[in-house]
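Engineer: The structure under discussion is supplied below as structure tokens; questions concerning it will follow.
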Amino acid sequence: MKIAVCVKQVPDTWAEKKLRGDDSTLDREAADGVMNELDEYAVEEALKLQEAHGGEITIVTMGPERAGETVRKALSMGADAAVHLVDDTLHGSDALATSYALATVLDGRDFDLIFFGSESTDARMSVVPAMVAERLGVAQLTFAQKVDVDGTSVTIQRVTDYGFETVVASLPAVVSVVEKINEPRYPSFKGIMAAKKKPVETLSTADAGLDGSRLGLAAAWTVVEDFAARPPKATGTIVTDDGDGGVKLAEFLAVQKFI
Amino acid sequence: MSEVLVVAEHADGVVKKVTSELLTLARTLGEPSAVWIGPGYCDAAAATLGEFGAGKVYVADGAQYIDHPVAPRAEVLANLVSEHSPSAVLIASSADGKETAGRLAIKINSGVITDAIGISADRIATQSVFGGSTVVHSKVIKGTPIFTVRPNSTPPVPASTTLTRVDVTVPVSELAMKAKVTGRTVAQKDGRPDLAEAAIVVSGGRGVGAAEGFAVIEALADTLGAAVGASRAATDAGWYPHQYQVGQTGKTVSPQLYLANGISGAIQHRAGMQTSKTIVVVNKDSEAPLFELADFGVVGDLFKVVPQLTEEIKKRA
Ligand SMILES: Cc1cc2nc3c(=O)[nH]c(=O)nc-3n(C[C@H](O)[C@H](O)[C@H](O)COP(=O)(O)OP(=O)(O)OC[C@H]3O[C@@H](n4cnc5c(N)ncnc54)[C@H](O)[C@@H]3O)c2cc1C
Ligand SMILES: Cc1cc2nc3c(=O)[nH]c(=O)nc-3n(C[C@H](O)[C@H](O)[C@H](O)COP(=O)(O)OP(=O)(O)OC[C@H]3O[C@@H](n4cnc5c(N)ncnc54)[C@H](O)[C@@H]3O)c2cc1C
């Protein structure tokens, strides 16, 4: 089985995130980069399927030079190889451009399964997996809390507002995962050493056969007009319960007209 | 005036509150036409859509539209966009709504903006990003603008109209049928307001200690007519069902009032509730990071504070 896992480098989960003053894109220099948390779950799920069914796992990322760190992390968890699409002209790509670039890199490589996280922690759009499925013309199985593969088909439990749906498709398919699915492993020392020797294919947009007029900030379908930091919230009233904490809270709610 | 498509969110034939909000917002952009996709269109649904100003409703009624996730919905919408050239498409920012928007964007080669909390008459969207710390104004510059809009961002205002029903039949493509829903597991409904749409949410976390502990959370929620939420620590422990999880990988809520009890305030929890208008925190640890967001906080044992609050509200009622 050939498995791809799309991973995105994002600012450290706990770091304060900012937009850049010059072009309103995410300020990636302001914080350490880490692998998007949910993408670790996607890598883990791919590794588990590989343990059960064999096959090869390829990490796919689009991002600046330093996203190479995230690629290494995925390789040190156990993935076999990676494709890193890196090109200055990709800077500022929106969801249409990103899905176009990823789909083009994935296309023609005969993947049976393409894993994603279900949402990034920076832009949080939660659309890229569905958009890549649309572009590739393969089944979309997203928000999976459980994945089973039997050789020719894949079954997931798709988390919904009211519980879950069981969704089935023939391979190939796009699968995005939620955090209930597994517990991602930490890279072992051996894994970290082995990762250094694993092949990473670095592609420019030209190498990937991408049409430059559909990429980057200048080609975006959306534009940021302006942005501003929200003024910090005024500090609230904090009281210590001396036996009347509930009553004080009720008074606050009454003043605010909630009761 | 130009036509604005508003995708109706519905469950069991009932139109969700977010749809009334979107219709209200759409009236500031043009003439709203609702789009109903899936089985169960009925008079009650029509009444709600008309009450909030939909002049038309395109009805694609049939199980085939929901027996395959997301893709058929995007096909119906792409079809309507090419036939009627609306000036914008509004969809609720639910998981399905966002994915539908994404697929539609590709089909009609248009830009998409997700999680808008407002849209001005000249179609500039307001987004609240990075956990509410930054406000962004953005717009779509290519194609028919597609917006997904967060629940609870526009107060619904009725504006009665006569609703005209237009039936549409869009065959579901081979591609959209590749993924098939073979079963639905419906978690027990609790009779409380929908979590994502509720005006008040009362949440419990690890501090609640056990499944039985949620009785005090539910009692408070019921005196306030609120929905119940939970942190991942509480859902993972099996104390409360997963569909009530608030946070990055649970529901995003933006109620008028959010009461967090025994929740420390991890970044992933904040991601789902940070834009709540008023935040109340009850935690026995004065250092709990969620106090940073609190408009009002009580440092104390939730098993003392919460029941006392419930009693006090009942007394005042
Ligand atoms: C604050 C903010 C708001 C934005 N709003 C919009 C908007 O409204 N409309 C718009 O078109 N663009 C917007 N963008 C641009 C958007 O970030 C990019 O288009 C991005 O590529 C897709 O969005 P996402 O990270 O939210 O992806 P999601 O759909 O949330 O990501 C889901 C999964 O897709 C995969 N993935 C995503 N990106 C990559 C990548 N580069 N390489 C490999 N795998 C990847 C990962 O597996 C990830 O877990 C915004 C950006 C920011 C910073
Ligand atoms: C990929 C990923 C996704 C995640 N998604 C989510 C998500 O969607 N939602 C989410 O919530 N979390 C999410 N998490 C988990 C998150 O990181 C935290 O672990 C979780 O939010 C902690 O829950 P908690 O605050 O209830 O528990 P804790 O952090 O353990 O806090 C419990 C609090 O209760 C207080 N307390 C204890 N007893 C009492 C008492 N008797 N009275 C008053 N206070 C008391 C304690 O002082 C403490 O502050 C995610 C994590 C990851 C890695």
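Engineer: Checking residue B:116 against (1) more than 12 Å from ligand 1 (Cβ to nearest atom); (2) more than 10 Å from chain A (Cβ to nearest Cβ); (3) not hydroxyl-bearing (Ser, Thr, Tyr), which single condition isn't satisfied?
Structural biologist: Every listed condition holds for residue B:116 apart from (1).
Engineer: Restricting attention to region B:121-139, which residues are over 26 Å from residue B:246 (Cα atoms) and in contact (Cβ under 8 Å) with a residue 40 or more places away in the chain?
Structural biologist: B:121, B:123
Engineer: Identify all residues within region B:262-281 that are at the interface with chain A (Cβ under 10 Å from one of its Cβ atoms), touching a Gly at 6+ places or on another chain (Cβ under 7 Å) and near ligand 2 (Cβ under 8 Å from one of its atoms); write none if there are none.
Structural biologist: Passing the criteria: B:268, B:271.
Engineer: Looking only at region B:240-261, which residues are near ligand 2 (Cβ under 10 Å from one of its atoms) and either within 22 Å of residue A:16 (Cα to Cα) or out of contact with any Ser or Thr (no Cβ under 8 Å at 6 or more places or on another chain) (or both)?
Structural biologist: Within region B:240-261, B:246, B:247, B:248, B:249, B:250, B:251, B:252 qualify.
Engineer: Among A:222, A:205, which is farther than 30 Å from residue B:255 by Cα and crowded, with 17+ Cβ neighbours inside 10 Å? Even if it seems obvious, please write down each step before you answer.
Structural biologist: Numbers: A:222 fails: farther than 30 Å from residue B:255 by Cα.
Of A:222, A:205, the one residue that is farther than 30 Å from residue B:255 by Cα and crowded, with 17+ Cβ neighbours inside 10 Å is A:205.
Engineer: Where in region A:29-118 are there helices (runs of 4 or more DSSP H), lying wholly inside it, with at least 2 residues that are within 14 Å of chain B (Cβ to nearest Cβ), more than 10 Å from ligand 1 (Cβ to nearest atom) and touching a residue at least 24 places away in the same chain (Cβ under 8 Å)? Working first, answer last.
Structural biologist: On the way: elements: A:37-53, A:68-77, A:95-106.
By residue number, A:95-106.
Engineer: If you don't mind, another one. Out of the residues in region A:1-17 meeting the condition of being of a type in the set (Lys, Arg) and near ligand 1 (Cβ under 10 Å from one of its atoms), tell me which one is nearest to the other protein chains (Cβ to nearest Cβ).
Structural biologist: Within region A:1-17, the subset of a type in the set (Lys, Arg) is A:2, A:8, A:17.
With near ligand 1 (Cβ under 10 Å from one of its atoms) added as a condition, the list becomes A:8, A:17.
Values: A:8: 15, A:17: 4 Å.
Checked region A:1-17; the qualifying residue nearest to the other protein chains (Cβ to nearest Cβ) is A:17.
Engineer: Follow-up question, since we're still on this one. Among residues belonging to region A:178-188 that are at the interface with chain B (Cβ under 10 Å from one of its Cβ atoms) and outside any loop (DSSP other than H, G, I, E, B), point out the one that is farthest from residue A:77 (Cα to Cα).
Structural biologist: Narrowing region A:178-188 to residues at the interface with chain B (Cβ under 10 Å from one of its Cβ atoms): A:178-180.
From what's left, outside any loop (DSSP other than H, G, I, E, B): A:179-180.
On the way: A:179: 17, A:180: 19 Å.
Step by step, filter region A:178-188, then rank; the result is A:180.
Engineer: Right, something else. Counting residues that are among the hydrophobic types (A, V, I, L, M, F, W, C), which helices (runs of 4 or more DSSP H) fully inside region B:198-303 reach at least 3?
Structural biologist: Numbers: elements: B:214-224, B:232-236, B:267-270.
Filter on region B:198-303 gives B:214-224.
Engineer: While we're looking at this one, here's another question. Name the residue, out of B:302, B:309, that is among the aliphatic types (A, V, I, L, M), away from ligand 2 (no atom under 12 Å from the Cβ) and in contact (Cβ under 8 Å) with a residue 12 or more places away in the chain.
Structural biologist: On the way: B:302 fails: away from ligand 2 (no atom under 12 Å from the Cβ).
It is B:309.
Engineer: Which condition number in (1) within 16 Å of ligand 2 (Cβ to nearest atom); (2) modelled with pLDDT under 95 is the one that residue A:30 fails?
Structural biologist: Of everything listed in (1) within 16 Å of ligand 2 (Cβ to nearest atom); (2) modelled with pLDDT under 95, residue A:30 misses just condition (1).
Engineer: Of everything in region A:146-160 that's surrounded by fewer than 17 Cβ atoms within 10 Å (Cβ to Cβ) and either within 8 Å of another protein chain (Cβ to nearest Cβ) or not in a strand (DSSP E or B) (or both), which residue is modelled with the lowest pLDDT? If you could, list the steps in order and put the result at the bottom.
Structural biologist: First, pick out the residues of region A:146-160 that are surrounded by fewer than 17 Cβ atoms within 10 Å (Cβ to Cβ): A:148, A:150-153.
Retained after the next criterion (residues that are either within 8 Å of another protein chain (Cβ to nearest Cβ) or not in a strand (DSSP E or B) (or both)): A:150-152.
Values: A:150: 93, A:151: 83, A:152: 94.
By that ranking, first place goes to A:151.
Engineer: Hey, another quick one. Among the listed residues B:205, B:191, B:183, which satisfies the condition of being buried (at least 23 other Cβ atoms within 10 Å of the Cβ) and not assigned by TED's automatic domain parsing to the domain that holds residue B:25?
Structural biologist: One residue alone meets the criteria, B:205.
Engineer: Right, here's the next one. In this structure, is residue A:38 farther than 26 Å from residue A:209 by Cβ and within 16 Å of ligand 2 (Cβ to nearest atom)?
Structural biologist: yes
Engineer: Quick check on region A:1-28: of everything there that is of a type in the set (Gly, Ala, Ser) and touching a residue at least 60 places away in the same chain (Cβ under 8 Å), which residue is surrounded by the fewest Cβ atoms within 10 Å (Cβ to Cβ)?
Structural biologist: In the first step, residues of region A:1-28 are kept if they are of a type in the set (Gly, Ala, Ser); the result is A:4, A:15, A:21, A:24.
Now drop any that are not touching a residue at least 60 places away in the same chain (Cβ under 8 Å), which leaves A:4, A:24.
Numbers: A:4: 27, A:24: 18.
Filtering first and then ranking leaves A:24.
The values are calculated or read from the model by the stated rules, or taken from the named source; none is laboratory data. The structure displayed is predicted, hence computed values, not measured ones. Cβ coordinates were reconstructed from backbone atoms using ideal geometry, including for glycine residues, and neighbour counts include every protein chain displayed.
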